[in-house]
Amino acid sequence: MRNSMLFLLILVLSATVFAADFSGTWILNREKSELGEGRGGRMAAAQMVVVQAENTLKIERTVTGRDGEERVMTEEMTLDGKETKTSGERGETINTAKMETDVLTINTVRKFERNGETFEMTSEQKWTMEGDMLVVNSKTESSRGTRELKLVYDKK
């Protein structure tokens, strides 16, 4: 009994010690990224500021809009798989994030209205560290089809 408790404690502590930390300011490396055709490159965040605490994640994404103006979007979520809902002028976003040692998985459902019609877009992002780079593999599905991107970010 005592040995099994000790083993369990070591397992929990090692998972905590070796969990990836994605905190920092990240700049998109367009040369190393796989942005696909169409709007994929334009929709990718040029910069992300990530603050990861014990069980929370805050992401501030800077994207360039159609008009060339920079927009900053902020998301906050927990890392335990619980839903986080936010509402904005364009609709509702539901995020779930789960941290598993060195992989962060973020699932998102966005519901929005355009010209009186309701649309839904789902995405899954897998975040990993490759050396000193943050790699985000993203798969998005909507009425326009499926888009897969590999975004590579360098730490600022």
Limited to the range 34-51, what total is found for residues that are surrounded by 17 or more Cβ atoms within 10 Å (Cβ to Cβ), at pLDDT below 95 and not in a helix (DSSP H, G or I)? 3
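Being assigned to a strand (DSSP E or B), surrounded by fewer than 15 Cβ atoms within 10 Å (Cβ to Cβ) and hydrophobic (A, V, I, L, M, F, W, C) is the requirement here; does MET73 meet it? Walk me through it before giving the result.
Working: assigned to a strand (DSSP E or B): yes; surrounded by fewer than 15 Cβ atoms within 10 Å (Cβ to Cβ): yes; hydrophobic (A, V, I, L, M, F, W, C): yes.
Answer is yes for this residue.
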Result of the Cβ filter at 6 Å on the range 65-80, keeping first residues that are more than 24 Å from GLN52 (Cα to Cα) and modelled with pLDDT under 90 and partners that are of a type outside the set (Gly, Ala, Ser) and in a strand (DSSP E or B), at least 6 apart or interchain, is GLY65/ARG71
Just checking, does the range 85-102 include any residue being over 18 Å from the mean Cα position of the chain (by Cα) and of a type in the set (Val, Ile, Thr)? no
Which of the residues belonging to the range 79-122 are more than 19 Å from MET43 (Cα to Cα), in a strand (DSSP E or B) and among the charged types (D, E, K, R)? ASP80, LYS85, LYS98, GLU100, GLU117
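The values are calculated or read from the model by the stated rules, or taken from the named source; none is laboratory data. As the structure is a prediction and not an experimental result, all values here were calculated from the model. Glycine also receives a Cβ, built like all others from the backbone with ideal geometry; neighbour counts cover every protein chain displayed.
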